[in-house]
Structure formats: structure tokens, C-alpha cells
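What follows is a short report on a single structure.
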Amino acid sequence: QTIEVKVPDIGDYTDVPVIDICVKVGDSVKVDDALVTLESDKATMDVPCSVAGIVKEIKVALGDKISEGSIVAVVQTDAAVLTAAVAATPASAPSC
């Protein structure tokens, strides 16, 4: 199953630029892992992953302006894919 991960409620902010992409296609992610970092006028914020799985697509690029509900990534959540990925994933995953 594939899940589109969207920007959650980020308050009154709209058209917030993407300043960092924390994952790449093929990465194994867990719930709450940062997918991208946004920068508003007052703060930076990470957009967390809402599911565990394998990143199949990144739907944003550096500099893109996104808002609540924008699709950030597509994550594959099939059990067979996850089992293979967990077995192949090193103990420490890179962070942003």
C-alpha cells in the first residue's frame, strides 16, 4: 500500500519554502521521522512522516513553497517491503 504523506496543520502559515529534504527515494522511515524542513519568517519546522515504510517518491524540491495539505512524499507500507528494508537498514539512520 502506498500512502501520500501531507503537510500537517502548521498554523496560519502558507507558501512556506522547503529548505531541506531529509530523505531520499528508497530510504526507510519511521513514524515522526523528518521528511523535509520548512522555514517561515519566524521559525524552521520539520514535516514528520505519518507512517512507517519506504520512501517511493519525493513530491517537493528545495525552494518549493508548500502549505498545509501539500503532498510531501509517497511512502510504501507493505509488510513484505518493510521486512526486507528493516533487515537491510543499518542501526543508525541519518538525520537532517
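Computed over every Cα-Cα pair of region 2-88 and binned at 10 Å starting from 0, the pair-distance distribution P(r) comes out as 19, 51, 23, 7, 0 percent.
Relative to a virtual label point 7 Å from the Cα of Lys30 in the Cα→beta-carbon direction, which members of region 1-24 show backbone nitrogen distances below 19 Å? Correct set: 22-24. Label separation (Lys42 vs Lys6): 2.5 nm, computed from points 7 Å beyond Cα along the C-beta direction.
Readers should treat all values here as calculations from the given coordinates under stated rules, not as data from a laboratory. Keep in mind the model is a prediction, meaning the values are calculated, not measured. Cβ coordinates were reconstructed from backbone atoms using ideal geometry, including for glycine residues, and neighbour counts include every protein chain displayed.
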